[in-house]
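The structure appears below as C-alpha cells.
The values are calculated or read from the model by the stated rules, or taken from the named source; none is laboratory data. Treat the numbers as computed from the prediction; the structure is a model and nothing was measured. Every residue, glycine among them, receives a Cβ derived from its backbone with ideal geometry; neighbour counts consider all protein chains shown.
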Amino acid sequence: MTSLLEPTTLKADTTPATAATALKCKECGERYPITPAHVCENCFGPLEVEYDFSHLTTSGLKSEIEQGPRNLWRYAALLPARPFARSLEGVGFTPLQRAYNLGERLGLRELYVKNDAVNPSHSFKDRVVAIAVAKAVEFGFDTIACASTGNLAGAVAAAGARAGLKTYVFVPANIEPGKILAASVYGAQIVPIDGTYDEVNRLASQVADEYGWAFTNINLRPFYSEGSKTLAYETAEQLGWRLPDHVVIPIASGSLYTKITKGFEELIRLKLVADETLPAISGAQPEGCGPVAAAFAGGYTEIKPVKQPNTIAHSLAIGSPADGYYSLKVAQRTGGTIEQVNDQEIVDAIRLLASTEGIFTEPAGGVTLATLQKLTRQGKIGRDEVTVLYVTGNGLKTQNVLDGVIPVPPAITPKLGAFDKFLESL
Ligand SMILES: *Cc1c(COP(=O)(O)O)cnc(C)c1O
Ligand SMILES: [Zn+2]
C-alpha cells in the first residue's frame, strides 16, 4: 500500500500544456517532438525549444505575469515546463538593485545590478535547473545528473533533494572545495573527476546514453537553457516593462548569454515592452579561459578551444563552449563586445562590488564587473545608458580566492587604551 506521505511516482501539476510545440535544430531547421533530445539527427546541430505564442495577448499575458508568484514560475506561459509543485521555493525574481555608488565610480548615471547570488543555492543555476527538473519529472525520469563547473552541482543537488530524485553530479576535482561541499550537503552523489570540464562533460554524455539519466545540461539542455530567459523577463519587468540600453553577462558555455538575448527578443515580439531593438549585449570571460572573447577580438567565426583553462573563475572555465559561436553572433548583431579580464582584475572587482553595493560575488561576478569597467573606460558604454550588470553567483562559496588578500588586524586587549592605540595605528 502506498502512503500519501510517500509519493512513489512524481507527477507535475496537471495545469494546461505549455506553449512549446517542438524542438527545432538551430542549424538546419529540422523539427522534432518534445522529448529528452538535444542534437539534430540530420546535422548534429543543437536543438532549441520552439513555441506557439499566438494564443497570448499582450495585456492578458502581462496581467498573468504580474499576478503570478514572486518567483520564476510567474513567466510559465513563456517556458517549456509546467510549474512543478515540488520545485525549490524562491527561485528567481531576485533583486534588481540600483547601483548608485558603483555607478558613480564608473561614471554611469543609471546602473543596476541583477543580483542572482541570492537564489536558494546561491547562483543563477537554480533557474535553469527548475525548468530541467520539472521537465525530467514530466518525462518520467527518476534520476537527475549534471556535468558542472561548480554551481550547477549545488543547484541540481538541492533541486533533486526537494523533488525526491536520485542525484549524481560530475565535477572537475579541482573546483573550489566550498562548491563540492555545497553540493554534497544535499545528499547528492558527487563524482569528482581528474580532468577539465570538457572531459567531465564528455564522460557525462556517455553516462547519459548508457544509464538513461536526465542530465540537466546535456539531454535536457534545450529545456534547461530556457530557464535563463527569465533573467531577461525580470529585468524588463523590474525596470517598469522597458529594456535596458546595455547589459553585461558572463559567458561559460554561452547558454546564459544567448538565452537572455532570446528572452529580450520575445519581450519585443510579444510587445511586453515598447522597445523595438535589443540592448547592446556584452559578454565577459576570464583570461585563461576566454575562447569566445579571443574569437571576438580576432574577428574569427570559429572558436578555438582552450585545452587547459587557468583562471580563478572556475564557474566560467569551459574551454569548448557549446554556444560560443552563437554568442559571437549575438555580440556582433547587438553592438555588444566580448572582453576578457585577468585574475587580479577579478579580485579587485569582487572587492569593488562588495564595498560599493554590499553584494559579495564569486569570481564570475568579478569577471563581469571588471569587464563593465573595461567597457566604460573604452567609452563603449555612455554615461546615460541604462546598464545592467548580471551577478550570477555568491562569494560565500569561493572565499578561498580572497585568502590573504584582505589582512585582518592582530587582536587587541579588551581595554579602551588598546582601542585608542588601534585607531591611531590605522
Ligand atoms: C554557469 C555559470 C555562468 C554561465 O554559464 P553558461 O554556461 O554560459 O550558461 C555564469 N556565472 C556563474 C556563476 C555560473 O555558475
Ligand atoms: Zn539540423
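Structure summary
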| quantity | calculated |
| --- | --- |
| So Lys229, is it under 24 Å from Ile65 (Cα atoms), in contact with a Ser or Thr (Cβ under 6 Å, 6 or more places away or on another chain) and not small (Gly, Ala, Ser) | no |
| Of residues in the range 256-282 being touching a strand residue (DSSP E or B) at 6+ places or on another chain (Cβ under 7 Å) and not hydrophobic (A, V, I, L, M, F, W, C), the one farthest from ligand 1 (Cβ to nearest atom) | Pro279 |
| Within the range 245-255, considering residues that are under 24 Å from Ala313 (Cβ atoms) and touching a strand residue (DSSP E or B) at 6+ places or on another chain (Cβ under 7 Å), the one surrounded by the most Cβ atoms within 10 Å (Cβ to Cβ) | Ile251 |
| Selection from the range 108-127 of residues that are surrounded by fewer than 24 Cβ atoms within 10 Å (Cβ to Cβ) and more than 13 Å from ligand 1 (Cβ to nearest atom) | Leu108, Arg109, Glu110, Tyr112, Pro120 |
| Scan of the range 242-284 for residues that are among the basic types (Lys, Arg) and under 23 Å from Glu362 (Cβ atoms), ordered by number | Lys259 |
| Which numbered condition Gly379 misses (of (1) on the phi < 0 side of the Ramachandran plot; (2) without any contact (Cβ under 8 Å) to a residue 24 or more places away in the chain) | (1) |
| Check on Thr167, within 14 Å of ligand 1 (Cβ to nearest atom) and closer than 17 Å to Tyr224 by Cβ | no |
| Single condition Gln67 does not satisfy, out of (1) away from ligand 1 (no atom under 16 Å from the Cβ); (2) within 30 Å of Asp384 (Cα to Cα) | (2) |
| Selection count where residues are within 11 Å of ligand 2 (Cβ to nearest atom), surrounded by fewer than 15 Cβ atoms within 10 Å (Cβ to Cβ) and among the charged types (D, E, K, R), scope the range 29-63 | 2 |
| Spans of helices (runs of 4 or more DSSP H) in the range 295-390 with at least 1 residues more than 18 Å from the chain's Cα centre (by Cα), away from ligand 1 (no atom under 16 Å from the Cβ) and over 29 Å from Ile218 (Cα atoms) | 343-357, 363-377 |
| Subset of the range 17-28 that is in contact (Cβ under 8 Å) with a residue 40 or more places away in the chain and either surrounded by 15 or more Cβ atoms within 10 Å (Cβ to Cβ) or under 13 Å from Pro222 (Cβ atoms) (or both) - its residue that is nearest to ligand 1 (Cβ to nearest atom) | Lys26 |
| Residue within the range 180-192 that is buried (at least 20 other Cβ atoms within 10 Å of the Cβ), modelled with pLDDT of 95 or more, under 25 Å from Leu72 (Cβ atoms) and not hydroxyl-bearing (Ser, Thr, Tyr) present | yes |
| Condition broken by Ala130, with the remaining ones in (1) within 13 Å of ligand 1 (Cβ to nearest atom); (2) in contact with a Ser or Thr (Cβ under 9 Å, 6 or more places away or on another chain) satisfied | (1) |
| Which listed residue, of Arg333, Arg351, is free of Cβ contacts under 8 Å to residues at least 60 places away in the same chain, out of contact with any Lys or Arg (no Cβ under 9 Å at 6 or more places or on another chain) and closer than 30 Å to Ala182 by Cβ | Arg351 |
| One residue from Ala22, Ala17 being modelled with pLDDT under 95 and either more than 9 Å from ligand 2 (Cβ to nearest atom) or touching a Phe, Trp or Tyr at 6+ places or on another chain (Cβ under 7 Å) (or both) | Ala17 |
| Single condition Pro286 does not satisfy, out of (1) buried (at least 23 other Cβ atoms within 10 Å of the Cβ); (2) farther than 19 Å from Glu48 by Cα; (3) out of contact with any Pro (no Cβ under 9 Å at 6 or more places or on another chain) | (3) |
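Each row is one residue, and each column tells you yes or no for (1) touching a His at 6+ places or on another chain (Cβ under 6 Å); (2) within 30 Å of Glu234 (Cα to Cα); (3) hydrophobic (A, V, I, L, M, F, W, C).
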| position | (1), (2), (3) |
| --- | --- |
| Val113 | no, yes, yes |
| Lys135 | no, yes, no |
| Ala145 | no, yes, yes |
| Val156 | no, yes, yes |
| Ala161 | no, yes, yes |
| Pro177 | no, no, no |
| Ile190 | no, no, yes |
| Gly195 | no, no, no |
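One line per residue, one yes/no per condition, for (1) more than 16 Å from ligand 2 (Cβ to nearest atom); (2) in contact with a strand residue (DSSP E or B) (Cβ under 6 Å, 6 or more places away or on another chain):
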{"site": "Ala284", "(1), (2)": "yes, yes"}
{"site": "Gly290", "(1), (2)": "yes, yes"}
{"site": "Gly298", "(1), (2)": "yes, no"}
{"site": "Lys307", "(1), (2)": "yes, no"}
{"site": "Tyr325", "(1), (2)": "no, no"}
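Each row is one residue, and each column tells you yes or no for (1) in contact (Cβ under 8 Å) with a residue 40 or more places away in the chain; (2) part of a helix (DSSP H, G or I).
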{"position": "Gln206", "(1), (2)": "no, yes"}
{"position": "Asn217", "(1), (2)": "yes, no"}
{"position": "Thr230", "(1), (2)": "yes, yes"}
{"position": "Tyr233", "(1), (2)": "yes, yes"}
{"position": "Ala236", "(1), (2)": "no, yes"}
{"position": "Gly240", "(1), (2)": "no, no"}
{"position": "Val247", "(1), (2)": "yes, no"}
